[in-house]
Amino acid sequence: MLFVTVGQTLPFDRLVRMVDDAMGSGLLGGHEVFAQIGDAEYTPRHLIYERFLDPIACEERFASASAVIGHAGVGTVMKALHNDKVLIAVPRRPNLGECVDNHQVKTARVFSRLRHILAADDIEELGEAVRSLQTFVPKPREPRVDALCDRLSSFLQVCDADRAAPASQVRAFR
């Protein structure tokens, strides 16, 4: 099962439409797909989906997935790495109004180049990434990457706990 997640904060219609179109045209190779689509304006025609999942349901979907398709936010990338899940990251693009800067494109590029994740920017690349799931072996993380993942995961959990970490907690992670 592939788990698609757009995260909890911003809609990501391009990703939802891309996966839905790929599912409808057979580019996902018969994989079962479940999507968490948030406040997307686009309504999927071929996907089983829910707009929002509570944290426990989200964790269960994430844990049971054979791979995750999501945006290239640092939290999603770190969660996939920390949980040994293959991530197909589709970066949000500022020129399409999906985010404010190019950080997701850079994140996807770097982690993909390091062979920790797969990246896709359009439906053809998504189909190619899904086909490569059978042979893709993520490069093992180096100890310093593990330490960074652990540190970022801890920080994100603090932020997620009350959606806005106090400045004192943010400074503690520097």
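Quick one: which residue in Arg141, Arg115 is more than 25 Å from Leu28 (Cβ to Cβ), basic (Lys, Arg), at pLDDT below 95 and in a loop (DSSP other than H, G, I, E, B)?
Exactly one of Arg141, Arg115 is more than 25 Å from Leu28 (Cβ to Cβ), basic (Lys, Arg), at pLDDT below 95 and in a loop (DSSP other than H, G, I, E, B), namely Arg141.
Would you mind telling me which numbered condition in (1) surrounded by fewer than 17 Cβ atoms within 10 Å (Cβ to Cβ); (2) closer than 19 Å to Leu2 by Cβ; (3) within 12 Å of the chain's Cα centre (by Cα) Ala67 fails?
(1)
Look through Ala65, Ala57, Ala40 and report the one residue that is touching a Pro at 6+ places or on another chain (Cβ under 7 Å) and in the same structural domain as Arg14 (by TED's automatic domain parsing).
Ala40
Quick test for you: out of Ala108, Ala72, Ala35, Ala40, pick the one residue that is in a helix (DSSP H, G or I) and small (Gly, Ala, Ser).
Ala108
Answer yes if at least one residue in the stretch 24-33 is closer than 13 Å to Gly70 by Cβ, assigned by TED's automatic domain parsing to the domain that holds Arg61 and among the charged types (D, E, K, R), and no otherwise.
no
Can you tell me which condition Leu87 does not meet? The list is (1) surrounded by 22 or more Cβ atoms within 10 Å (Cβ to Cβ); (2) at pLDDT below 90, and all the others hold.
(2)
The values are calculated or read from the model by the stated rules, or taken from the named source; none is laboratory data. Note that this is a predicted model, so its numbers are computed, not measured. Glycine also receives a Cβ, built like all others from the backbone with ideal geometry; neighbour counts cover every protein chain displayed.
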